[in-house]
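The values are calculated or read from the model by the stated rules, or taken from the named source; none is laboratory data. These numbers were taken from a predicted model, which means no experiment stands behind them. Cβ placement follows ideal geometry from the backbone for every residue including glycine, while neighbour counts extend to all protein chains displayed.
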Amino acid sequence: MTVLRTHRFNDIWQEMNRWQQHMGDLFGERDYSKNACGVFPPINTYDNGESYIVLAEIPGISLDDLDITATATQLTLKGERSPNNDIADRSYHRAERDHGSFNRTIDLGQPIDPDKIDARFENGVLEIVLPRAAHALPRQITVKN
Amino acid sequence: MTRRKEKTELVPKEKQPISSQAGEPTRPGVFYSPAVDIFQTEEDLVIVADMPGVAPGDLNVDLEDSVLTVTGKVDEPDSDWKLRYREYGIGGYTRRFTLSDKIDQSGIEAKLVNGVLTVRLPKADALKPRKVLVKAA
């Protein structure tokens, strides 16, 4: 079956945005922050050759309220950021910090070794090191004469 | 103000870098404005700010001419790490608060736990409820 992608040319600005995104992709300047819209916690993903590293900004969460699970290709962060209700009688002037539950699954693309995952939480940033599965690591191939 | 119901889904706001229109930048690098809660109790005014990535040693809370400035530095990740996917920017945090003279400026306390800064500003004695003593004639 043929899949047809049609773009109706009904809004010039929409069309311009689409082109801008295409150009951004070509030059590696894509605005990734659009990915994060409405997803908590925001994550950054790194690769150091041996492992994937996932950083997530979760300030003020207690470790009892955080649940991390992983399979060979997926990482799931589940938890809840609860409001500080230690002082009952308070009147708010400003409330910008959000509270609530989150559940987020990240597709890693390449297989990892779920038994060797290392996670630490420091200064409100969660760092998860996910070593790539041994069979998925790039290896040198010698060509025989 | 009523707080949102508990157990709701967390829908965050993106970190907004501070534009140069908000005043000329005096430090190099990107700075974000941290999300804050400000509330009052009987004794204090409390400012709570989300500053993930700031170590207690990299935090500055300055008070000058009734302006409280909160600044935090965030270290860049390891340079060997190749960025694959990005949803948030890494940079410092800064935000200013103008205090009224109803605050006892000498009694301000700040603590930073798990990336959340709490600044406690005690109300000046003149504003606290007090008992009036009646002297005998």
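Can you list residue pairs whose Cβ atoms sit under 7 Å apart, with the first residue in segment A:76-90 being over 30 Å from A:Ile112 (Cα atoms) and at pLDDT below 80 and the second being of a type outside the set (A, V, I, L, M, F, W, C) and surrounded by 14 or more Cβ atoms within 10 Å (Cβ to Cβ)? Count only pairs 6 or more apart in sequence or on different chains. Sorted first by the residue in segment A:76-90, then by its partner, the pairs are A:Pro83/A:His99; A:Ile87/B:Thr41; A:Asp89/B:Thr41. Listed conditions (1) part of a loop (DSSP other than H, G, I, E, B); (2) in contact (Cβ under 8 Å) with a residue 60 or more places away in the chain are all met by B:Leu117, apart from (1). Evaluate the following for B:Val48: is it within 16 Å of the chain's Cα centre (by Cα) and of a type outside the set (S, T, N, Q)? Yes.
If the requirement is being within 16 Å of the chain's Cα centre (by Cα) and more than 10 Å from every other protein chain (Cβ to nearest Cβ), which of these qualifies: B:Ser33, B:Ser66, B:Ser106? Just one listed residue meets the conditions, B:Ser66. Residues in segment B:83-97 that are outside any strand (DSSP E or B) and at the interface with chain A (Cβ under 7 Å from one of its Cβ atoms): B:Glu87, B:Tyr88.
The set of residues from segment B:1-32 being at pLDDT 85 or above and within 25 Å of A:Leu77 (Cβ to Cβ) comprises just one member, B:Tyr32.
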